[in-house]
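Participant: One structure coming up, written as structure tokens, with questions to follow.
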Amino acid sequence: MAALSTAQLRTLARLMDDLVPGDAPTPGAGEAGGAEYVEALLAAFDHDPPRIWAGGPFSGRHGGAALFGDFLELSPWEALAWRTRIEGWTSDYEAGLAALGDDYGDLDGPTREQRRAAAGAEFVDLVFTHACEALYGDPVYGANRDGAAWAAIDYPGDVQPAGYTDAEVSAP
């Protein structure tokens, strides 16, 4: 699937907010960048190495080198498995977003509910799973903007290297 259109991103974000709504102080999954997370996931193989598994051991948010942004190489079997999975998701998203329609975000609640039913339970389950991943996953994957969902549940995220200076962690 090529990049999601602006209308598709808007539709997907609204659907994610319907499935995993926000409340003060937690953002909804769409508001937290869930649609962009899905777009990046579907385009994982547009990068070398594919953007599947973030590196590490540290993100750099609390010291040490920022290595989460360096994605790991996949073995040939892993690459095949992920390509197959992503191809299936791409088809699911194309069909599901088409069933929802570009005007989904402009509709009232009962009409959106009817459209979700028409898109199918399997599609809605897939979006729900990705919405949860996007909301509570590491921001390096493109969602959980500014760690807002982590902050709302008092989760500090990766706090390593705790107790060490940048120089100590980065030394050979």
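Participant: Confirm whether residue 81 is outside any strand (DSSP E or B) and over 30 Å from residue 19 (Cβ atoms). Break it down into steps so the answer makes sense when it comes.
Facilitator: On the way: outside any strand (DSSP E or B): yes; over 30 Å from residue 19 (Cβ atoms): no.
No: the conditions fail for residue 81.
Participant: Go through (1) within 24 Å of residue 135 (Cβ to Cβ); (2) surrounded by fewer than 19 Cβ atoms within 10 Å (Cβ to Cβ); (3) of a type in the set (D, E, K, R) for residue 17 and report which single condition fails.
Facilitator: Result: residue 17 fails condition (2) only.
Participant: How many residues are under 9 Å from the mean Cα position of the chain (by Cα) and among the charged types (D, E, K, R) when one looks only at the range 24-61?
Facilitator: Going through the range 24-61 one residue at a time, the tally reaches 2.
Participant: Could we say that residue 147 is assigned to a loop (DSSP other than H, G, I, E, B) and small (Gly, Ala, Ser) here?
Facilitator: No, not satisfied.
Participant: A follow-up question, please. Can you tell me which of (1) over 14 Å from residue 136 (Cβ atoms); (2) at pLDDT 95 or above; (3) among the aliphatic types (A, V, I, L, M); (4) in contact with a Gly (Cβ under 8 Å, 6 or more places away or on another chain) is the one residue 20 doesn't meet?
Facilitator: If we test residue 20 against (1) over 14 Å from residue 136 (Cβ atoms); (2) at pLDDT 95 or above; (3) among the aliphatic types (A, V, I, L, M); (4) in contact with a Gly (Cβ under 8 Å, 6 or more places away or on another chain), just (1) comes out false.
Participant: Sort through 43, 54, 99, 118 and tell me the only one that's touching a helix residue (DSSP H, G or I) at 6+ places or on another chain (Cβ under 6 Å), small (Gly, Ala, Ser) and either buried (at least 16 other Cβ atoms within 10 Å of the Cβ) or on the phi > 0 side of the Ramachandran plot (or both).
Facilitator: 54
Condition check ((1) part of a loop (DSSP other than H, G, I, E, B); (2) within 24 Å of residue 50 (Cα to Cα); (3) touching a residue at least 60 places away in the same chain (Cβ under 8 Å); (4) under 20 Å from the mean Cα position of the chain (by Cα)) across all residues:
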site	(1), (2), (3), (4)
95	no, no, no, yes
99	no, no, no, no
105	no, no, yes, yes
117	no, no, no, no
122	no, no, no, yes
127	no, yes, yes, yes
130	no, yes, yes, yes
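Participant: Can you name every residue in the range 5-48 that is of a type in the set (Ser, Thr, Tyr), touching a residue at least 12 places away in the same chain (Cβ under 8 Å) and either in a helix (DSSP H, G or I) or touching a Cys at 6+ places or on another chain (Cβ under 9 Å) (or both)?
Facilitator: Listed by number, the residues that qualify are 11, 37.
For (1) farther than 16 Å from residue 9 by Cα; (2) surrounded by fewer than 15 Cβ atoms within 10 Å (Cβ to Cβ); (3) under 23 Å from the mean Cα position of the chain (by Cα); (4) of a type in the set (D, E, K, R), each residue gets a yes or a no:
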residue	(1), (2), (3), (4)
74	yes, no, yes, no
81	yes, yes, yes, no
110	yes, yes, no, no
152	yes, no, yes, no
166	yes, yes, no, yes
171	yes, yes, no, no
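Participant: Moving on to the next point. Does the range 53-67 contain any residue that is aromatic (Phe, Trp, Tyr) and not in a loop (DSSP other than H, G, I, E, B)? Before you say what the answer is, go through the steps one by one.
Facilitator: We begin by selecting, within the range 53-67, every residue aromatic (Phe, Trp, Tyr); these are 53, 58.
If we keep only those that are not in a loop (DSSP other than H, G, I, E, B) too, we end up with none.
The answer is no; no qualifying residue exists.
Participant: Taking only the range 20-40 into account, find how many residues are farther than 20 Å from residue 96 by Cα, surrounded by fewer than 23 Cβ atoms within 10 Å (Cβ to Cβ) and hydrophobic (A, V, I, L, M, F, W, C).
Facilitator: Qualifying residue count, the range 20-40: 1.
Participant: Still on this structure, I have one more. Mind checking which residues of the range 1-13 are at pLDDT 95 or above and buried (at least 20 other Cβ atoms within 10 Å of the Cβ)?
Facilitator: Scanning the range 1-13 gives 8, 11, 12, 13.
The values are calculated or read from the model by the stated rules, or taken from the named source; none is laboratory data. Note that the coordinates shown come from a computational prediction; the quantities given were computed from them, not determined experimentally. No Cβ is skipped: glycine too gets one built from the backbone with ideal geometry, and neighbour counts run over all protein chains shown.
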